[in-house]
Amino acid sequence: MFAVVMLAGIYGLVSASFFVAMDAVDVAFTEASVGAGISTLLMLTTVAMTGRTEHMASHKPLLALFVVTVTGGLLIYGTFDMPYFGSADAPIHNHVAPRYIYDSMKEIGVPNMVTSVLASYRGFDTFGEVTVIFTAGIGVLALLSVVQRPKSDAVIEAINDSMHEKHLILRVVIKTMIPFILLYAFYVQFHGDYGPGGGFQAGVIFAAGIIMYALLFGLSAARQVITQPVVQLLSAVGVLIYGSVGLVSMLNGGTFLDYSVLSADPIAGQHLGILLIELGVGLTVASVMIIIFFSFSARSEYQQAKKGESL
Amino acid sequence: MEIVLSLLSGLFLLFGSFLCLSGGVGILRFPDFYTRMHAAGVTDTLAAAMILIGLMLQNPEMLVIIKLMMILLMTLFISPAASHALGQAAVLNNLLPLVDLNMNHLAKNTTAGDESSKS
């Protein structure tokens, strides 16, 4: 299973590179950070908990193979009606896309068209995505949370000192690098209007910085910095901000998530709305990634402690 | 001046691409984990640095040059640390490097009697 996880990570990286080749830099950014970065890390944590090989099934799954083949064949048959890849008269290029391309600057005033489509024209979809991420975090908490008594400061110091010699170089380099990584996360978050970026990528980069700290200095030390109640609260606050922006729009006389009514000038209203919802997205994504990683590692520590006791 | 900058940037980019290629060949062909990791480390650090310098020399805008310089600085910090992390993980998990313990070829410098006794 280790090889499979590695192949999945390589696939994510190669997808990111062909997204760049297709000039879709935002998507490439998100794919590289999520698919090739965090996803591989979380899968590796899972493999560390479960084991490197799977149990071979005792029976040959012929029925499953048959169903999969039939479904796959039907799906491929369904694509015969689709227009050719990249043809200019495909419906996707004729109805909504020209409206977005030509009117986005006038109606929303944000140079990065991807952000304007994601945050304003398709705000409902993005709201759904954030809620899905939040639900994933809740699911992990419900299934995997282990009640941990926070270790005392003396114990954390002891763990720290014992690991210090072994990982000295990495610790020094990481200690220098973490502020820059977190700063870069904020840059990506707020620069999403003008270049590739936005809430999802920024949240993942922020979480990656914290996870790196947790990997090198121990889970207990990281939990002292990012306490569990705070990170759980922040993940909910992100979704709450997003929904509240929609409700405030309704209270101001527009429809749900119509940012034009948020301020006197519609363009300023759009800017304000996009800023707030990207903030909500960034908060939720970062907190949920941190929750998932902390839950996995706490579980893994718990398993190892139990194995140590039973020996 | 333009010609010199263009030429220099082209040289750096070419060298960087050659290093990328040789790193790739090395990963596939080297016999041992540590030597393969050296090839990967060369690709990560030196090839990336050469390509970044080549791009820096080609760009007229100051902002882009500064951004590229920051990326270069980060790369020079992080990539060697990553290679070190890999190597240290291997050593700590008892993966020993491949060392050729057959010392016969060193015996050529000794007297003829020793050489005939080893053959």
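The values are calculated or read from the model by the stated rules, or taken from the named source; none is laboratory data. Note that the structure is a prediction, hence the values are computed from the model and not measured. Here the Cβ is made from the backbone with ideal geometry for all residues, glycine too, and neighbour counts use every protein chain on show.
Picking from A:ILE205, A:ILE156, A:ILE241, which residue would you name as being away from every other protein chain (no Cβ under 12 Å) and modelled with pLDDT under 85?
A:ILE156
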Q. Within region A:226-241, is there a residue that is among the hydroxyl-bearing types (Ser, Thr, Tyr) and not in a helix (DSSP H, G or I)?
A. yes
**Q.** Exclusive hit being out of contact with any helix residue (DSSP H, G or I) (no Cβ under 8 Å at 6 or more places or on another chain), surrounded by 10 or more Cβ atoms within 10 Å (Cβ to Cβ) and outside the structural domain of A:VAL140 (by TED's automatic domain parsing), set A:PHE29, A:PHE18
**A.** A:PHE18
Q. When residues of region A:54-98 are filtered for being within 30 Å of A:PHE2 (Cβ to Cβ) and among the β-branched types (Val, Ile, Thr), how many remain?
A. 4
Q.
Taking the conditions exactly as written (over 16 Å from B:ILE53 (Cα atoms) and in contact with a Leu (Cβ under 6 Å, 6 or more places away or on another chain)), does B:MET1 satisfy them or not?
A. no
Q: Select the helices (runs of 4 or more DSSP H) contained entirely in region A:7-103, then report the ones holding at least 2 residues which are at pLDDT 85 or above and in contact with a His (Cβ under 8 Å, 6 or more places away or on another chain).
A: none
Q: Kindly indicate whether B:SER17 is away from every other protein chain (no Cβ under 14 Å), small (Gly, Ala, Ser) and either out of contact with any Gly (no Cβ under 8 Å at 6 or more places or on another chain) or at positive phi (or both).
A: yes
Q. Does region A:191-205 include one or more residues that are surrounded by 16 or more Cβ atoms within 10 Å (Cβ to Cβ) and over 21 Å from the mean Cα position of the chain (by Cα)?
A. no
Q.
Looking for something crowded, with 16+ Cβ neighbours inside 10 Å, under 25 Å from B:VAL64 (Cα atoms) and small (Gly, Ala, Ser) - is there at least one such residue anywhere in region A:177-186?
A. yes
Q. Failed condition for A:GLY195, given (1) among the small types (Gly, Ala, Ser); (2) within 20 Å of A:GLY37 (Cα to Cα); (3) within 14 Å of chain B (Cβ to nearest Cβ), with all others met?
A. (2)
Q: Can you confirm whether region A:250-261 contains a residue that is at pLDDT below 90, of a type in the set (Phe, Trp, Tyr), outside any helix (DSSP H, G or I) and surrounded by fewer than 21 Cβ atoms within 10 Å (Cβ to Cβ)?
A: yes
Q. So which residues in region A:276-290 are crowded, with 24+ Cβ neighbours inside 10 Å and more than 15 Å from A:THR131 (Cα to Cα), if there are any at all?
A. A:ILE290
Q. Residues in region A:218-226: is at least one in the same structural domain as A:GLY198 (by TED's automatic domain parsing), surrounded by 20 or more Cβ atoms within 10 Å (Cβ to Cβ) and closer than 20 Å to A:VAL114 by Cα?
A. no
Q: Can you work out which of the residues in region B:51-73 that are more than 13 Å from every other protein chain (Cβ to nearest Cβ) and loosely packed, with under 14 Cβ neighbours inside 10 Å is nearest to the chain's Cα centre (by Cα)?
A: B:MET69
Q. Does any residue in region A:266-285 that is within 11 Å of A:GLY238 (Cβ to Cβ) come within less than 6 Å, Cβ to Cβ, of a residue that is at pLDDT below 90 six or more places away or on a different chain, and which pairs are these?
A. A:ILE277/A:ALA119; A:GLU278/A:GLY192; A:GLU278/A:GLY198; A:GLU278/A:GLY199; A:VAL281/A:GLY199; A:GLY282/A:GLY199
Q. Any idea how many residues of region A:107-125 are over 17 Å from A:VAL27 (Cβ atoms) and aromatic (Phe, Trp, Tyr)?
A. 1
(Q) Just to check your reading of the model, which residue among B:LEU76, B:LEU106, B:LEU98 is over 28 Å from A:GLU165 (Cα atoms) and either away from chain A (no Cβ under 14 Å) or at pLDDT 90 or above (or both)? (A) B:LEU106
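Here's the yes/no breakdown for (1) modelled with pLDDT of 90 or more; (2) away from every other protein chain (no Cβ under 14 Å); (3) under 26 Å from A:LEU216 (Cα atoms); (4) in a helix (DSSP H, G or I):
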position	(1), (2), (3), (4)
A:GLY109	no, yes, no, no
A:LEU118	no, yes, no, yes
A:THR135	yes, yes, no, yes
A:LYS166	no, no, yes, no
A:ILE178	yes, no, yes, yes
A:GLN189	yes, yes, yes, yes
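Condition check: over 23 Å from A:TYR187 (Cα atoms), part of a helix (DSSP H, G or I) and assigned by TED's automatic domain parsing to the domain that holds A:THR131. Does A:MET289 satisfy that?
Here the answer is no, as A:MET289 does not meet what is asked.
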